[in-house]
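**Student:** If you scroll down you'll find the structure; I have some questions about it.
The values are calculated or read from the model by the stated rules, or taken from the named source; none is laboratory data. Predicted model, so just to flag it, every value in this text is computed and none were measured. Ideal geometry is used to build each Cβ from the backbone, glycine not excepted, and the neighbour counts take in all protein chains shown. Side chains are part of the model used for accessible areas, which takes the heavy atoms of the whole protein and leaves out ligands, DNA and RNA. Shrake-Rupley method; radii C 1.70, N 1.55, O 1.52, S 1.80 Å.
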Amino acid sequence: MGYALDSQQKYIPAAQAYRSALSYEGLSTSAMDFIENRLAQLGETR
């Protein structure tokens, strides 16, 4: 969801979706790294 919103330049809801995704168990390390890096690029913190 975050990636889809991000690609539509809807950055605030994308950041919210990324933060929400971090709470899911079973997320791969690479997915977590991508999300954390993207949140940093968007000026958000975990």
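**Student:** Select, from D6, D33, the only residue that is of a type in the set (D, E) and open to solvent by less than 70 Å² (accessible area, probe 1.4 Å). Spell out how you get there, then give the answer.
**Tutor:** Numbers: D33 fails: open to solvent by less than 70 Å² (accessible area, probe 1.4 Å).
Residue meeting the stated conditions: D6.
**Student:** Separate question: Pull up the stretch 17-46, narrow it to residues that are out of contact with any helix residue (DSSP H, G or I) (no Cβ under 8 Å at 6 or more places or on another chain) and in a loop (DSSP other than H, G, I, E, B), then point me to the one that is nearest to L5 (Cα to Cα).
**Tutor:** G43
**Student:** When you check A14 against the structure, is it open to solvent by less than 50 Å² (accessible area, probe 1.4 Å) and part of a helix (DSSP H, G or I), yes or no?
**Tutor:** So A14 fits the description; yes.
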